[in-house]
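To start, the structure under review is shown below, and the notes come after it.
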Amino acid sequence: MTARERDLTDENEALREEIGVLRRELDGARLENEMLSGRIAELEARLGQSSRSSSLPPSSDSPKSRAERRAAAREQQKGRAKEEKRSRGKQPGAPGANL
């Protein structure tokens, strides 16, 4: 075996060792990625809970979500009022309360 062949063989062995190290690191990174993905899914599920979708009390809702819910209810109420097309107070045709 010539000196060049020995050098190439040594380099080949070193590269194989490096590949082994990198594969172990990749396996560790994959495992960590899997664990973190599970944790993210769990935290997103907890974040999505509110008093309407779980047994939590309404006081546990964030102020922003409560305000959004109230605004949506107001808009819905306005929509109902427009659909009814009635004015406030005594309606035309209703019996009066004359003295």
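The values are calculated or read from the model by the stated rules, or taken from the named source; none is laboratory data. All values reported here derive from a predicted model rather than from experimental measurement. Backbone-built Cβ (ideal geometry, glycine too); neighbour counts: all protein chains shown.
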Review point. Given Glu68, Glu44, which one is surrounded by fewer than 10 Cβ atoms within 10 Å (Cβ to Cβ) and out of contact with any Phe, Trp or Tyr (no Cβ under 9 Å at 6 or more places or on another chain)?
Key: Glu44
Check your understanding: Does Leu26 meet the test of being within 20 Å of the chain's Cα centre (by Cα), surrounded by 10 or more Cβ atoms within 10 Å (Cβ to Cβ) and hydrophobic (A, V, I, L, M, F, W, C)?
Key -> no
Check your understanding: Being hydroxyl-bearing (Ser, Thr, Tyr) and modelled with pLDDT under 85, is that true of even one residue in the range 32-52?
Key -> yes
Practice item. Could you please let me know if Arg6 is part of a helix (DSSP H, G or I) and charged (D, E, K, R)? Key: yes
Review point. Failed condition for Ser53, given (1) in contact with a Ser or Thr (Cβ under 7 Å, 6 or more places away or on another chain); (2) among the hydroxyl-bearing types (Ser, Thr, Tyr); (3) not in a helix (DSSP H, G or I), with all others met?
Key: (1)
Revision key, fill the gap. Picking from Glu75, Glu5, the residue that is without any contact (Cβ under 8 Å) to a residue 40 or more places away in the chain and within 28 Å of the chain's Cα centre (by Cα) would be Glu75
